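One structure is given here, and the rest of the page talks about it.
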Amino acid sequence: MGAFFNKIWGVLGVVLSASSIFSLLQRGFDIPLAFSLFELVHYYRSLVAPIFEFLYNPIYWMFPSLEIPNWVTDAQIVSIFMTSIYIKAKSTLRVNGKQVHFKTLWSKVHTIIVVGFTLIGLLFLPIVIFAMVMLPISYINHIRWNRGTLKWYSVKKVLERITVTSGTDMAYVTIAAIYGYITIFTVVVFFMFNTMIG
């Protein structure tokens, strides 16, 4: 049952973090987005709004005239899910076959609350973006360096080789990049699917 809930939380994390990144980029650079991308951001922002209304209720009770702008919630979502990607990547690593980081559920929840909600998780965003840029370059290089053993279509083997050769200290960065690409792919597919249905 725990594995089932982990998969659900993973999918939700991927969907919400990617949409928040789009929203922050639109807000930060003041670039008008194409109509479909604007719809994408609006769709996911309305999807997350009830969650943050519930979380912000105690603040609204204490300060009724306070209005929290959308960019704060977008930044918090990105921070929370960048922290989640970091936790997932670090907990995936094994030393001598044993999990070293984030062994308990409490350690994961505590880190998400402390690092995610306080916007410290935004510090992981440049790391994940840099890793996502470098992953295709590493992929191509490993295929070139291992022409006889690795083929371009054996994605799992190439990614395993990249992770192993990056060492235990940097393997989580490669894993975070993989989760970043899965995030973008899932958000686009989910939105397209809902657009076709609705």
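The values are calculated or read from the model by the stated rules, or taken from the named source; none is laboratory data. Since the structure is predicted, the reported quantities are computational estimates derived from the model, not experimental observations. Counting neighbours? That spans all protein chains shown, and the Cβs are built from the backbone with ideal geometry, glycine included. Only protein heavy atoms, including side chains, enter the accessible area calculation; ligands, DNA and RNA are left aside. Shrake-Rupley method; radii C 1.70, N 1.55, O 1.52, S 1.80 Å.
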Open item on the list: Condition (residue is of a type in the set (A, V, I, L, M, F, W, C) and buried (at least 17 other Cβ atoms within 10 Å of the Cβ)) applied to the stretch 132-139: is it met by at least one residue?
Closed with: yes
TODO: Please enumerate the residues belonging to the stretch 52-69 that are loosely packed, with under 14 Cβ neighbours inside 10 Å and in a helix (DSSP H, G or I).
DONE: E53, F54, L55, N57, P58, I59, Y60, W61, M62
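Count, please, the residues in the stretch 158-198 that happen to be among the acidic types (D, E) and at pLDDT below 75. Step through it out loud before you land on a result.
Just the residues of the stretch 158-198 that are among the acidic types (D, E), to begin with: 160, 169.
Narrowing further to those that are at pLDDT below 75: 169.
Adding up the residues that qualify gives 1.
Tally up the residues in the stretch 80-112 that are part of a helix (DSSP H, G or I), open to solvent by 50 Å² or more (accessible area, probe 1.4 Å) and touching a helix residue (DSSP H, G or I) at 6+ places or on another chain (Cβ under 8 Å), please. Break it down stepwise before answering.
Initial filter on the stretch 80-112 (part of a helix (DSSP H, G or I)): 80-92, 105-112.
Then drop every residue that is not open to solvent by 50 Å² or more (accessible area, probe 1.4 Å), which leaves 86, 88, 92, 105-106, 108-110.
Still in the list and also touching a helix residue (DSSP H, G or I) at 6+ places or on another chain (Cβ under 8 Å): 86, 88, 92, 108.
The qualifying residues number 4.
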Open item on the list: Take the residues in the stretch 145-192 that are of a type in the set (F, W, Y) and more than 30 Å from V48 (Cα to Cα); name whichever of them is most open to solvent (accessible area, probe 1.4 Å).
Closed with: W152
- [ ] Hey, can you tell me all the residues within the stretch 92-111 that are modelled with pLDDT of 80 or more and closer than 25 Å to S166 by Cβ?
- [x] S107, K108, T111
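Can you pull out every residue in the stretch 49-87 that is of a type in the set (F, W, Y) and without any contact (Cβ under 8 Å) to a residue 12 or more places away in the chain? Don't jump to the end; show me each part of the working.
So in the stretch 49-87, the residues of a type in the set (F, W, Y) come out as 52, 54, 56, 60-61, 63, 71, 81, 86.
F54, Y60, W61, F63, listed by residue number.
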